[in-house]
Amino acid sequence: MYLIEDLSTNMTRHHVIQVSDLHLSEVRAYNQHGWESCLSYIARENPDMVVSTGDHALDDPDCLEDHVFARSQLDRITVPWSAVPGNHDIGDLNPNPYLGQHVNHERIERYLGVFGTDRWTRELGAWRLIGLNAFLLGSNVQREEDQYDWLLDIVSRDRTRPLAIFLHKPLCVERLDEDSSPDICVVPEGRNRLLAALGDANLRLVASGHNHHYRSFVTGSIAMVWAPSTAQILRMPRSFRALLKPGVVHYWLDDAGGFEFTLAEPPGIVPNDITELLARHGAMRTVPHLPLASLGEETGRLLMA
(Lines give C-alpha, C1' and ligand atoms only; values in the text may rest on other atoms or scores of the structure.)
Protein backbone atom coordinates (compact mmCIF):
# COMPACT_ATOMS: atom_id res chain seq x y z
CA MET A 1 0.00 0.00 0.00
CA TYR A 2 1.40 3.39 -1.00
CA LEU A 3 0.15 6.56 0.72
CA ILE A 4 0.52 9.95 -0.95
CA GLU A 5 -0.31 12.47 1.79
CA ASP A 6 -2.62 11.54 4.63
CA LEU A 7 -6.12 10.49 3.72
CA SER A 8 -8.46 12.68 5.74
CA THR A 9 -10.63 10.58 8.01
CA ASN A 10 -13.57 12.96 7.67
CA MET A 11 -13.40 13.16 3.89
CA THR A 12 -15.31 11.09 1.35
CA ARG A 13 -13.09 8.54 -0.35
CA HIS A 14 -13.54 7.66 -4.00
CA HIS A 15 -12.53 4.20 -5.15
CA VAL A 16 -11.17 3.50 -8.65
CA ILE A 17 -9.86 0.20 -10.00
CA GLN A 18 -7.49 0.28 -12.97
CA VAL A 19 -7.19 -2.65 -15.36
CA SER A 20 -4.79 -2.72 -18.28
CA ASP A 21 -3.48 -4.80 -21.15
CA LEU A 22 -6.38 -7.25 -21.33
CA HIS A 23 -5.33 -8.66 -24.74
CA LEU A 24 -8.66 -10.36 -25.42
CA SER A 25 -9.86 -12.43 -28.35
CA GLU A 26 -12.81 -14.75 -28.79
CA VAL A 27 -10.89 -17.11 -31.10
CA ARG A 28 -7.55 -16.95 -29.23
CA ALA A 29 -8.89 -16.70 -25.69
CA TYR A 30 -5.55 -17.31 -23.93
CA ASN A 31 -6.12 -14.37 -21.55
CA GLN A 32 -9.79 -14.94 -20.79
CA HIS A 33 -9.28 -16.72 -17.48
CA GLY A 34 -7.45 -13.73 -16.02
CA TRP A 35 -10.20 -11.41 -17.24
CA GLU A 36 -12.91 -13.55 -15.68
CA SER A 37 -11.07 -13.41 -12.36
CA CYS A 38 -10.88 -9.63 -12.64
CA LEU A 39 -14.57 -9.28 -13.50
CA SER A 40 -15.60 -11.33 -10.47
CA TYR A 41 -13.25 -9.34 -8.25
CA ILE A 42 -14.53 -5.98 -9.51
CA ALA A 43 -18.12 -7.06 -8.88
CA ARG A 44 -17.25 -7.93 -5.27
CA GLU A 45 -15.19 -4.77 -4.64
CA ASN A 46 -17.82 -2.50 -6.24
CA PRO A 47 -15.61 0.57 -6.88
CA ASP A 48 -16.98 3.92 -8.00
CA MET A 49 -15.53 3.31 -11.46
CA VAL A 50 -13.09 1.20 -13.47
CA VAL A 51 -10.53 2.60 -15.89
CA SER A 52 -8.99 0.40 -18.57
CA THR A 53 -5.71 1.79 -19.88
CA GLY A 54 -5.62 0.07 -23.24
CA ASP A 55 -4.54 -2.96 -25.21
CA HIS A 56 -8.03 -4.38 -24.99
CA ALA A 57 -7.61 -6.32 -28.25
CA LEU A 58 -5.29 -9.33 -28.43
CA ASP A 59 -2.46 -7.79 -30.47
CA ASP A 60 -3.65 -6.71 -33.93
CA PRO A 61 -5.20 -3.23 -34.19
CA ASP A 62 -6.57 -4.19 -37.63
CA CYS A 63 -8.66 -7.11 -36.30
CA LEU A 64 -12.15 -5.64 -35.94
CA GLU A 65 -13.49 -8.85 -34.42
CA ASP A 66 -11.07 -8.60 -31.48
CA HIS A 67 -12.10 -4.97 -30.88
CA VAL A 68 -15.78 -5.91 -30.86
CA PHE A 69 -15.17 -8.84 -28.52
CA ALA A 70 -13.05 -6.71 -26.15
CA ARG A 71 -15.77 -4.06 -26.02
CA SER A 72 -18.34 -6.74 -25.17
CA GLN A 73 -16.12 -7.87 -22.31
CA LEU A 74 -15.70 -4.36 -20.90
CA ASP A 75 -19.47 -4.01 -21.04
CA ARG A 76 -19.66 -6.88 -18.52
CA ILE A 77 -18.09 -4.64 -15.85
CA THR A 78 -20.75 -4.04 -13.20
CA VAL A 79 -19.84 -0.39 -12.44
CA PRO A 80 -19.25 2.65 -14.67
CA TRP A 81 -16.09 2.32 -16.76
CA SER A 82 -13.97 4.34 -19.15
CA ALA A 83 -11.14 3.30 -21.45
CA VAL A 84 -8.26 4.69 -23.47
CA PRO A 85 -6.54 2.97 -26.41
CA GLY A 86 -3.27 1.05 -26.39
CA ASN A 87 -0.79 0.42 -29.18
CA HIS A 88 -2.39 -2.97 -29.91
CA ASP A 89 -5.69 -1.10 -30.34
CA ILE A 90 -4.62 1.72 -32.69
CA GLY A 91 -0.92 1.24 -33.54
CA ASP A 92 2.13 2.95 -32.05
CA LEU A 93 3.95 6.28 -32.35
CA ASN A 94 7.22 4.42 -31.75
CA PRO A 95 9.47 4.95 -34.82
CA ASN A 96 9.85 1.15 -34.94
CA PRO A 97 6.43 -0.11 -33.85
CA TYR A 98 5.45 -3.71 -33.19
CA LEU A 99 5.13 -5.52 -36.54
CA GLY A 100 5.38 -2.18 -38.32
CA GLN A 101 1.91 -1.02 -37.23
CA HIS A 102 2.06 2.76 -36.81
CA VAL A 103 -0.84 4.70 -35.36
CA ASN A 104 -2.87 6.21 -38.19
CA HIS A 105 -6.26 7.72 -38.98
CA GLU A 106 -7.80 4.43 -40.14
CA ARG A 107 -6.84 2.58 -36.95
CA ILE A 108 -8.07 5.38 -34.70
CA GLU A 109 -11.38 5.50 -36.58
CA ARG A 110 -11.78 1.72 -36.23
CA TYR A 111 -11.27 2.03 -32.47
CA LEU A 112 -13.68 4.97 -32.23
CA GLY A 113 -16.28 3.00 -34.15
CA VAL A 114 -16.26 0.36 -31.41
CA PHE A 115 -15.38 2.28 -28.24
CA GLY A 116 -16.87 5.67 -29.07
CA THR A 117 -14.06 7.90 -27.80
CA ASP A 118 -10.31 7.90 -27.11
CA ARG A 119 -10.41 10.67 -24.50
CA TRP A 120 -12.71 11.48 -21.61
CA THR A 121 -13.05 13.31 -18.31
CA ARG A 122 -14.86 12.24 -15.14
CA GLU A 123 -15.38 13.95 -11.80
CA LEU A 124 -15.17 12.08 -8.49
CA GLY A 125 -15.82 14.52 -5.69
CA ALA A 126 -13.01 17.10 -5.74
CA TRP A 127 -10.97 15.02 -8.20
CA ARG A 128 -10.91 15.33 -11.96
CA LEU A 129 -9.90 12.20 -13.88
CA ILE A 130 -8.81 12.57 -17.51
CA GLY A 131 -8.21 9.82 -20.04
CA LEU A 132 -5.90 10.62 -22.98
CA ASN A 133 -4.87 8.97 -26.22
CA ALA A 134 -1.14 8.51 -25.59
CA PHE A 135 -0.44 7.94 -29.28
CA LEU A 136 -1.42 11.46 -30.27
CA LEU A 137 1.21 12.98 -27.96
CA GLY A 138 4.00 14.09 -30.29
CA SER A 139 2.20 12.90 -33.44
CA ASN A 140 1.86 16.34 -35.05
CA VAL A 141 -1.51 15.50 -36.57
CA GLN A 142 -4.73 17.49 -36.33
CA ARG A 143 -6.27 15.08 -33.83
CA GLU A 144 -3.43 15.89 -31.42
CA GLU A 145 -4.35 19.58 -31.67
CA ASP A 146 -7.99 18.69 -31.06
CA GLN A 147 -7.03 16.70 -27.96
CA TYR A 148 -4.97 19.63 -26.61
CA ASP A 149 -7.77 22.13 -27.26
CA TRP A 150 -10.15 19.83 -25.39
CA LEU A 151 -7.68 19.28 -22.52
CA LEU A 152 -6.87 22.97 -22.07
CA ASP A 153 -10.56 23.82 -21.95
CA ILE A 154 -11.16 21.28 -19.19
CA VAL A 155 -8.12 22.12 -17.08
CA SER A 156 -8.65 25.88 -17.34
CA ARG A 157 -12.00 25.60 -15.57
CA ASP A 158 -10.28 25.00 -12.21
CA ARG A 159 -6.51 24.50 -12.06
CA THR A 160 -6.56 23.82 -8.30
CA ARG A 161 -8.56 20.58 -8.44
CA PRO A 162 -6.52 17.42 -7.86
CA LEU A 163 -6.00 15.83 -11.26
CA ALA A 164 -5.30 12.22 -12.27
CA ILE A 165 -4.40 11.33 -15.86
CA PHE A 166 -4.88 7.85 -17.30
CA LEU A 167 -3.17 6.81 -20.54
CA HIS A 168 -1.63 3.69 -22.01
CA LYS A 169 2.07 4.51 -22.06
CA PRO A 170 3.93 5.98 -19.08
CA LEU A 171 5.33 9.49 -19.35
CA CYS A 172 8.82 8.39 -18.34
CA VAL A 173 10.92 5.57 -16.92
CA GLU A 174 12.56 7.56 -14.12
CA ARG A 175 12.58 11.33 -14.79
CA LEU A 176 10.52 13.83 -16.73
CA ASP A 177 13.65 15.19 -18.46
CA GLU A 178 15.06 11.83 -19.59
CA ASP A 179 15.96 10.77 -23.12
CA SER A 180 13.59 8.91 -25.42
CA SER A 181 12.52 5.32 -24.63
CA PRO A 182 9.73 4.90 -27.22
CA ASP A 183 9.32 1.17 -26.58
CA ILE A 184 8.40 1.96 -22.96
CA CYS A 185 7.10 5.54 -22.78
CA VAL A 186 5.49 8.46 -24.53
CA VAL A 187 8.00 10.19 -26.83
CA PRO A 188 9.73 13.19 -25.15
CA GLU A 189 8.18 15.76 -27.50
CA GLY A 190 4.73 14.57 -26.50
CA ARG A 191 5.56 14.40 -22.79
CA ASN A 192 7.07 17.89 -22.76
CA ARG A 193 4.16 19.48 -24.59
CA LEU A 194 1.63 17.76 -22.31
CA LEU A 195 3.37 19.01 -19.17
CA ALA A 196 3.67 22.52 -20.62
CA ALA A 197 -0.04 22.50 -21.49
CA LEU A 198 -0.96 21.45 -17.95
CA GLY A 199 1.24 24.20 -16.54
CA ASP A 200 0.34 24.86 -12.92
CA ALA A 201 -2.59 22.43 -12.86
CA ASN A 202 -2.67 20.29 -9.72
CA LEU A 203 -1.49 17.07 -11.40
CA ARG A 204 -1.11 14.46 -8.66
CA LEU A 205 -1.20 11.11 -10.43
CA VAL A 206 -0.39 9.59 -13.82
CA ALA A 207 -1.65 6.01 -14.23
CA SER A 208 -0.56 3.91 -17.20
CA GLY A 209 -0.05 0.36 -18.38
CA HIS A 210 1.72 -0.98 -21.50
CA ASN A 211 4.74 -2.65 -19.91
CA HIS A 212 2.90 -5.53 -18.15
CA HIS A 213 4.68 -4.75 -14.87
CA TYR A 214 3.51 -3.15 -11.64
CA ARG A 215 5.70 -0.21 -10.73
CA SER A 216 5.40 3.11 -8.94
CA PHE A 217 7.64 6.09 -8.24
CA VAL A 218 7.41 9.84 -7.72
CA THR A 219 9.05 12.38 -10.00
CA GLY A 220 8.41 16.10 -10.20
CA SER A 221 5.92 15.71 -7.29
CA ILE A 222 3.75 13.45 -9.49
CA ALA A 223 3.02 9.83 -8.57
CA MET A 224 3.61 7.54 -11.55
CA VAL A 225 1.85 4.17 -11.39
CA TRP A 226 2.20 1.39 -13.96
CA ALA A 227 -0.53 -1.23 -13.92
CA PRO A 228 0.25 -4.83 -14.90
CA SER A 229 -1.70 -6.89 -17.40
CA THR A 230 -4.84 -8.66 -16.26
CA ALA A 231 -3.28 -11.93 -17.43
CA GLN A 232 -0.35 -11.82 -19.82
CA ILE A 233 3.35 -11.78 -18.91
CA LEU A 234 6.44 -11.97 -21.09
CA ARG A 235 9.85 -12.84 -19.68
CA MET A 236 12.48 -10.60 -21.30
CA PRO A 237 15.30 -8.28 -20.16
CA ARG A 238 14.01 -4.83 -19.16
CA SER A 239 15.80 -1.59 -18.35
CA PHE A 240 13.75 -1.00 -15.20
CA ARG A 241 13.01 -2.86 -11.98
CA ALA A 242 9.37 -3.79 -11.48
CA LEU A 243 7.02 -6.58 -10.45
CA LEU A 244 6.05 -9.00 -13.22
CA LYS A 245 2.68 -10.46 -12.25
CA PRO A 246 -0.93 -9.97 -13.36
CA GLY A 247 -3.44 -8.00 -11.34
CA VAL A 248 -5.35 -4.74 -10.97
CA VAL A 249 -4.55 -1.47 -9.20
CA HIS A 250 -6.77 0.13 -6.54
CA TYR A 251 -6.85 3.90 -5.98
CA TRP A 252 -8.55 5.65 -3.08
CA LEU A 253 -8.87 9.41 -3.60
CA ASP A 254 -10.05 11.85 -0.96
CA ASP A 255 -11.48 15.31 -1.47
CA ALA A 256 -8.52 17.00 0.23
CA GLY A 257 -6.25 15.69 -2.54
CA GLY A 258 -4.71 12.79 -0.61
CA PHE A 259 -4.67 9.34 -2.17
CA GLU A 260 -3.31 5.85 -1.84
CA PHE A 261 -2.94 2.94 -4.21
CA THR A 262 -2.00 -0.70 -4.19
CA LEU A 263 -1.68 -3.74 -6.43
CA ALA A 264 -4.27 -6.49 -5.98
CA GLU A 265 -4.24 -10.04 -7.35
CA PRO A 266 -7.85 -11.19 -7.82
CA PRO A 267 -8.54 -14.68 -6.46
CA GLY A 268 -7.93 -17.30 -9.10
CA ILE A 269 -5.80 -15.11 -11.34
CA VAL A 270 -2.74 -16.85 -12.77
CA PRO A 271 -0.04 -15.50 -15.08
CA ASN A 272 -0.40 -16.40 -18.75
CA ASP A 273 3.30 -16.64 -19.66
CA ILE A 274 3.46 -16.14 -23.44
CA THR A 275 7.26 -16.27 -23.71
CA GLU A 276 7.41 -19.71 -25.35
CA LEU A 277 4.31 -19.09 -27.49
CA LEU A 278 5.95 -16.02 -29.00
CA ALA A 279 9.22 -17.85 -29.52
CA ARG A 280 7.38 -20.51 -31.54
CA HIS A 281 4.80 -18.42 -33.39
CA GLY A 282 6.17 -14.88 -33.48
CA ALA A 283 2.99 -13.06 -32.37
CA MET A 284 -0.21 -13.81 -30.48
CA ARG A 285 -2.24 -13.19 -33.65
CA THR A 286 -0.61 -16.28 -35.21
CA VAL A 287 -0.73 -18.70 -32.27
CA PRO A 288 -3.12 -21.69 -32.58
CA HIS A 289 -6.79 -20.95 -32.06
CA LEU A 290 -8.16 -21.36 -28.55
CA PRO A 291 -11.88 -20.59 -28.93
CA LEU A 292 -13.69 -19.13 -25.96
CA ALA A 293 -16.26 -21.92 -26.20
CA SER A 294 -13.53 -24.54 -25.72
CA LEU A 295 -12.22 -23.28 -22.39
CA GLY A 296 -12.27 -25.66 -19.45
CA GLU A 297 -14.69 -26.05 -16.58
CA GLU A 298 -12.87 -23.68 -14.21
CA THR A 299 -13.14 -20.73 -16.60
CA GLY A 300 -16.65 -21.86 -17.42
CA ARG A 301 -17.62 -21.54 -13.76
CA LEU A 302 -16.20 -18.03 -13.71
CA LEU A 303 -18.16 -17.20 -16.85
CA MET A 304 -21.36 -18.29 -15.13
CA ALA A 305 -20.64 -16.50 -11.84
Check Arg119, Arg107 and return the single one that is over 15 Å from the mean Cα position of the chain (by Cα) and of a type in the set (D, E, K, R).
-> Arg107
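So, in segment 226-237, of the ones that are out of contact with any Asp or Glu (no Cβ under 9 Å at 6 or more places or on another chain) and either free of Cβ contacts under 8 Å to residues at least 40 places away in the same chain or part of a loop (DSSP other than H, G, I, E, B) (or both), which residue ends up most open to solvent (accessible area, probe 1.4 Å)?
Ranking the candidates gives Pro237 first.
Table: residues versus (1) within 30 Å of Leu58 (Cβ to Cβ); (2) touching a residue at least 24 places away in the same chain (Cβ under 8 Å); (3) surrounded by 17 or more Cβ atoms within 10 Å (Cβ to Cβ).
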site: Gly91; (1), (2), (3): yes, yes, yes
site: Tyr98; (1), (2), (3): yes, yes, no
site: Gln101; (1), (2), (3): yes, yes, yes
site: Gly116; (1), (2), (3): yes, no, no
site: Arg122; (1), (2), (3): yes, yes, yes
site: Gly138; (1), (2), (3): yes, yes, yes
site: Arg159; (1), (2), (3): no, yes, no
site: Pro162; (1), (2), (3): no, yes, yes
site: Lys169; (1), (2), (3): yes, yes, yes
Going by the structure shown, is Leu243 in contact with a His (Cβ under 8 Å, 6 or more places away or on another chain), under 30 Å from Arg28 (Cα atoms), surrounded by fewer than 15 Cβ atoms within 10 Å (Cβ to Cβ) and among the aliphatic types (A, V, I, L, M)?
-> yes
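Give the residues of segment 191-216 that are among the small types (Gly, Ala, Ser) and either more than 13 Å from the chain's Cα centre (by Cα) or open to solvent by 20 Å² or more (accessible area, probe 1.4 Å) (or both), sorted by residue number.
Here is the first cut: in segment 191-216, the ones among the small types (Gly, Ala, Ser) are 196-197, 199, 201, 207-209, 216.
Selection gives Ala196, Ala197, Gly199, Ala201, Ser216.
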Is it the case that some residue within segment 260-274 is assigned to a loop (DSSP other than H, G, I, E, B), buried (at least 18 other Cβ atoms within 10 Å of the Cβ) and small (Gly, Ala, Ser)?
-> no
Determine, yes or no, whether Ile154 is crowded, with 18+ Cβ neighbours inside 10 Å and without any contact (Cβ under 8 Å) to a residue 40 or more places away in the chain.
-> no
Only listed residue being surrounded by fewer than 19 Cβ atoms within 10 Å (Cβ to Cβ) and within 27 Å of Ser72 (Cα to Cα), chosen from Thr219, Thr286 | Thr286
From Leu194, Leu205, residue being in contact with a Pro (Cβ under 9 Å, 6 or more places away or on another chain) and farther than 12 Å from Cys172 by Cα = Leu205
So is Arg241 part of a loop (DSSP other than H, G, I, E, B), farther than 15 Å from Val19 by Cα and in contact with a Lys or Arg (Cβ under 8 Å, 6 or more places away or on another chain) or not?
-> yes
Hey, any hits in segment 176-190 for a residue that's of a type in the set (Ser, Thr, Tyr), outside any strand (DSSP E or B) and surrounded by 15 or more Cβ atoms within 10 Å (Cβ to Cβ)?
-> yes
Residue list for segment 30-60, restricted to those being farther than 25 Å from Asn133 by Cβ, outside any loop (DSSP other than H, G, I, E, B) and among the aromatic types (Phe, Trp, Tyr) | Tyr41
Across segment 101-151, the tally of residues that are more than 18 Å from Leu171 (Cβ to Cβ), assigned to a helix (DSSP H, G or I) and not small (Gly, Ala, Ser) stands at 16
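The values are calculated or read from the model by the stated rules, or taken from the named source; none is laboratory data. This is a predicted model, so every value here is computed, not measured. Here the Cβ is made from the backbone with ideal geometry for all residues, glycine too, and neighbour counts use every protein chain on show. The protein model used for the area step is the full one, side chains on, heavy atoms only, and it has no ligands, DNA or RNA in it. Shrake-Rupley method; radii C 1.70, N 1.55, O 1.52, S 1.80 Å.
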